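Notes follow the structure.
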Amino acid sequence: MRADRRGRRGTARRPLGRLARRLLGATLAAVAGVAVLAPAPAANADSPLRVHAEEQGFEIGAALAVNHLNNDSQYRAIAAREFNAATPENEMKWDTTEPSRGNFQFGPADQFMDFAQANDMTVRGHTLVWHSQLPPWVEDGNWTQSELRTVMYDHIDAVAGRYRGEIAYWDVANEIFLEDGSWRPSVFYNTLGSGFVADALRRTAQADPNAELWLNDYNIEGINAKSNAYYELAQDLLAQGVPLDGIGIQGHLINGQLPSGIQQNIQRFADLGLKVAITELDVRIQMPADQSELAQQARDYTTVMNACLAVDGCVAVTVWGVSDQYSWVPDVFQGYGAPLLYNSNYQAKPAYDAVHTALGGDDGGGPTDPPPGSCAVTYNVANQWNSGFTGTVSFTHNGTSPLSGWELEFDFPNGQRVTSGWSGQWAQSGSTVTVSNAAWNGTVAAGGTVSLGFNGSHTGTNNEPTSFSLNGQECTVS
Ligand code: XIL
């Protein structure tokens with residue numbers, strides 16, 4: 001493996017500001033006859049998120065994990081289609097890149113970079129100095145100050161140096177404050193004092209002079225003790241001439257519980273001359289998520305998008321994952337889930353439509369949403385005895401583009417229960433039955449029909465369900 005990647009790639013994609021992008025677009029249009037570069041094609045109302053974002057000189061990003069990129073073609077396709085920016089979810093963290101001293105492992109990080117570059121994505125490096133996902137050899141080293149400073153510098157030199165010129169933004173230090181605005185105890189703070197942050201920023205500037213250098217944290221969306229601590233630290237660092245370019249607001253939020261003042265908070269950092277981004281957005285819902293919670297989640301995504309888009313220095317919104325299926329949320333916040341733009345079947349959620357609309361697309365739904373009324377269901381009791389029956393259900397997808405992943409939902413009117421089902425994954429909660437696709441029948445062509453069946457129980461009356469929805473859209477029933 002190469003010692004570094006210098007020269008392998010072009011320089012980091014350095015996005016123009018929104019204003020510059022608009023002016024350049026106008027200039028290119030004005031000189032279209034002579035311009036070598038053609039302006040990008042105008043976004044259609046239902047274009048992917050990145051097309052709308054690019055029209056505004058904005059970045060819409062996602063945290064990506066190389067194991068999903070390698071193993072899940074739908075994940076990979078959506079990542080490439082929808083996002084023009086990416087953050088490695090774990091691949092550049094210390095425990096992955098330097099699991100023991102001086103033993104640098106760049107396999108996963110290189111794979112991430114290859115995907116991002118092949119798809120023309122702006123990369124946020126994440127993260128150089130953090131108390132978490134830090135290998136024990138660093139945490140428990142009983143270092144003197146000069147030893148730990150050397151350890152930190154060696155790490156920065158190797159990791160930031162390897163991708164020198166290829167990373168637009170580095171999260172140099174992550175999560176350095178506690179909720180009350182005091183310094184978070186960590187091996188770095190405890191050994192080196194608060195100066196470790198300035199030292200890390202300066203060292204990263206040497207290792208990769210092209211990268212913008214950022215600090216990043218959660219619970220700093222609104223104006224509160226913790227975001228005040230960042231505001232004061234940023235002023236201090238700038239006054240001392242320490243290289244600091246931006247503040248990353250993670251945005252791990254709870255559905256319906258957004259803090260107020262997000263836009264004002266972003267604005268005050270921008271007013272210091274810093275850039276701002278929402279770096280890890282997800283909006284977690286107490287499970288199971290119902291339609292009204294998904295609608296609330298869409299409103300919350302709108303609020304965050306609009307807060308960032310309203311401030312000139314706010315350059316990007318990155319969501320922390322592609323589909324709900326692989327989100328970190330259920331592992332960490334018990335009872336919560338469904339925080340992202342796509343559900344576990346890769347159906348675009350109302351939150352996707354909200355982001356799409358905020359970026360200037362229409363509100364007609366994402367590219368994989370079926371238009372309303374585009375499914376037709378047939379339900380039959382094929383066979384019935386004492387307290388049992390066999391049912392068949394089939395649906396036809398009359399949308400104009402194929403479905404990739406589906407979920408059919410209906411309610412039994414008389415207390416019936418599904419005891420076993422086939423050709424899909426069957427679940428029942430109260431009277432509500434949901435069937436999602438099996439591994440082999442998730443893709444349904446326009447005009448395609450899927451047939452399902454089940455055995456069930458009844459208590460004497462066995463009327464047919466009267467309404468069915470496919471991926472949240474009401475179907476006609478015959
Ligand atoms: C999370 C990842 O999503 C998980 O896969 C991993 O197990 C733990 O870390 N703040 C951060 C991110 O800065 O790096 C964290 O990512 C989520 C919280």
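Just the residues that are more than 16 Å from the ligand (Cβ to nearest atom) and open to solvent by less than 10 Å² (accessible area, probe 1.4 Å), please, taken from segment 236-261.
Here is the first cut: in segment 236-261, the ones more than 16 Å from the ligand (Cβ to nearest atom) are 236-245, 255-261.
Those that are more than 16 Å from the ligand (Cβ to nearest atom) and open to solvent by less than 10 Å² (accessible area, probe 1.4 Å): L237, V242.
Can you tell me how many residues in segment 161-190 are open to solvent by 30 Å² or more (accessible area, probe 1.4 Å) and part of a helix (DSSP H, G or I)? Break it down into steps so the answer makes sense when it comes.
Just the residues of segment 161-190 that are open to solvent by 30 Å² or more (accessible area, probe 1.4 Å), to begin with: 164, 178-180, 182-185, 189-190.
Still in the running and part of a helix (DSSP H, G or I): 189-190.
Number of matching residues: 2.
For L233, are the conditions met, namely being more than 16 Å from the ligand (Cβ to nearest atom), surrounded by 19 or more Cβ atoms within 10 Å (Cβ to Cβ) and over 25 Å from H356 (Cα atoms)?
The answer is yes for L233.
Report yes if S323 is within 16 Å of the ligand (Cβ to nearest atom) and either farther than 19 Å from E91 by Cα or of a type in the set (G, A, S) (or both), otherwise no. So that I can check it myself, show each step before the final result.
Working: within 16 Å of the ligand (Cβ to nearest atom): yes; either farther than 19 Å from E91 by Cα or of a type in the set (G, A, S) (or both): yes.
For S323, the condition - within 16 Å of the ligand (Cβ to nearest atom) and either farther than 19 Å from E91 by Cα or of a type in the set (G, A, S) (or both) - is met.
Could you list all residues from segment 212-229 that are out of contact with any Asp or Glu (no Cβ under 8 Å at 6 or more places or on another chain), surrounded by 20 or more Cβ atoms within 10 Å (Cβ to Cβ) and of a type in the set (A, V, I, L, M)?
Hits for segment 212-229 are I220, A229.
Please list, ordered by residue number, the helices (runs of 4 or more DSSP H) wholly in segment 40-136 having 1 or more residues that are away from the ligand (no atom under 16 Å from the Cβ) and of a type outside the set (A, V, I, L, M, F, W, C). Steps first, please.
Working: elements: 49-55, 66-71, 73-82, 94-97, 107-118.
The helices (runs of 4 or more DSSP H) meeting that bar are 49-55, 73-82, 107-118.
Please return the ranges of strands (runs of 3 or more DSSP E) entirely within segment 418-462 where 1 or more residues are without any contact (Cβ under 8 Å) to a residue 40 or more places away in the chain.
Where strands (runs of 3 or more DSSP E) fall fully within segment 418-462 and carry at least 1 residues being without any contact (Cβ under 8 Å) to a residue 40 or more places away in the chain, they are 425-429, 432-436.
Hey, among A446, A338, which residue is surrounded by 13 or more Cβ atoms within 10 Å (Cβ to Cβ) and closer than 17 Å to Q291 by Cα? Walk me through it before giving the result.
Working: A446 fails: closer than 17 Å to Q291 by Cα.
When all the criteria are applied, what remains is A338.
Within segment 389-402, does at least one residue satisfy the condition of being outside the structural domain of T461 (by TED's automatic domain parsing) and part of a strand (DSSP E or B)? Step through it out loud before you land on a result.
Going residue by residue through segment 389-402, those that are outside the structural domain of T461 (by TED's automatic domain parsing) are none.
No, there is no match, as no residue in segment 389-402 is outside the structural domain of T461 (by TED's automatic domain parsing) and part of a strand (DSSP E or B).
Checking the condition over 28 Å from the mean Cα position of the chain (by Cα) and either open to solvent by less than 50 Å² (accessible area, probe 1.4 Å) or modelled with pLDDT of 90 or more (or both), which residue from T434, T461 passes?
On the way: T434 fails: over 28 Å from the mean Cα position of the chain (by Cα).
None of the other options fit; the residue is T461.
Out of everything in segment 464-478 that is of a type in the set (S, T, Y) and not in a strand (DSSP E or B), what residue ends up being least open to solvent (accessible area, probe 1.4 Å)? So that I can check it myself, show each step before the final result.
Going through segment 464-478, the residues of a type in the set (S, T, Y) turn out to be 466-467, 469, 476, 478.
With the extra rule that they be not in a strand (DSSP E or B), the set shrinks to 466-467, 478.
Working: T466: 119, S467: 53, S478: 105 Å².
Within segment 464-478, the match that is least open to solvent (accessible area, probe 1.4 Å) is S467.
Would you confirm whether any residue within segment 195-202 is within 16 Å of the ligand (Cβ to nearest atom) and either assigned to a loop (DSSP other than H, G, I, E, B) or open to solvent by less than 20 Å² (accessible area, probe 1.4 Å) (or both)? Spell out how you get there, then give the answer.
Quick first cut of segment 195-202, residues within 16 Å of the ligand (Cβ to nearest atom) only: 197, 200.
Among the residues that remain, those that are also either assigned to a loop (DSSP other than H, G, I, E, B) or open to solvent by less than 20 Å² (accessible area, probe 1.4 Å) (or both) are: 197, 200.
Yes: one or more hits.
Can you tell me which of (1) open to solvent by less than 10 Å² (accessible area, probe 1.4 Å); (2) more than 16 Å from the ligand (Cβ to nearest atom) is the one A277 doesn't meet?
Failed condition: (2).
What's the number of the only condition in (1) open to solvent by less than 30 Å² (accessible area, probe 1.4 Å); (2) of a type outside the set (A, V, I, L, M, F, W, C); (3) at negative phi that D140 fails to meet?
For D140, the exception is condition (1).
Among the residues that make up segment 284-294, is at least one of them over 17 Å from the mean Cα position of the chain (by Cα), at pLDDT 95 or above, farther than 16 Å from L341 by Cβ and open to solvent by less than 10 Å² (accessible area, probe 1.4 Å)?
Scanning segment 284-294, I find no residue that is over 17 Å from the mean Cα position of the chain (by Cα), at pLDDT 95 or above, farther than 16 Å from L341 by Cβ and open to solvent by less than 10 Å² (accessible area, probe 1.4 Å), so the answer is no.
Output yes when any residue across segment 143-150 is within 16 Å of the ligand (Cβ to nearest atom) and either surrounded by fewer than 17 Cβ atoms within 10 Å (Cβ to Cβ) or not in a strand (DSSP E or B) (or both), and no when none is. Reasoning before the result, please.
Residues of segment 143-150 within 16 Å of the ligand (Cβ to nearest atom): none.
No, there is no match, as no residue in segment 143-150 is within 16 Å of the ligand (Cβ to nearest atom) and either surrounded by fewer than 17 Cβ atoms within 10 Å (Cβ to Cβ) or not in a strand (DSSP E or B) (or both).
On the basis of being farther than 24 Å from N90 by Cα, touching a strand residue (DSSP E or B) at 6+ places or on another chain (Cβ under 6 Å) and hydrophobic (A, V, I, L, M, F, W, C), does A229 make the cut? Before the answer, list the steps.
On the way: farther than 24 Å from N90 by Cα: yes; touching a strand residue (DSSP E or B) at 6+ places or on another chain (Cβ under 6 Å): yes; hydrophobic (A, V, I, L, M, F, W, C): yes.
Criteria met by A229.
The values are calculated or read from the model by the stated rules, or taken from the named source; none is laboratory data. Everything numeric here is computed off the predicted structure, so don't read it as measured data. Here the Cβ is made from the backbone with ideal geometry for all residues, glycine too, and neighbour counts use every protein chain on show. These area figures cover heavy atoms from the full protein model, side chains too; ligands, DNA and RNA do not enter into them. Shrake-Rupley method; radii C 1.70, N 1.55, O 1.52, S 1.80 Å.
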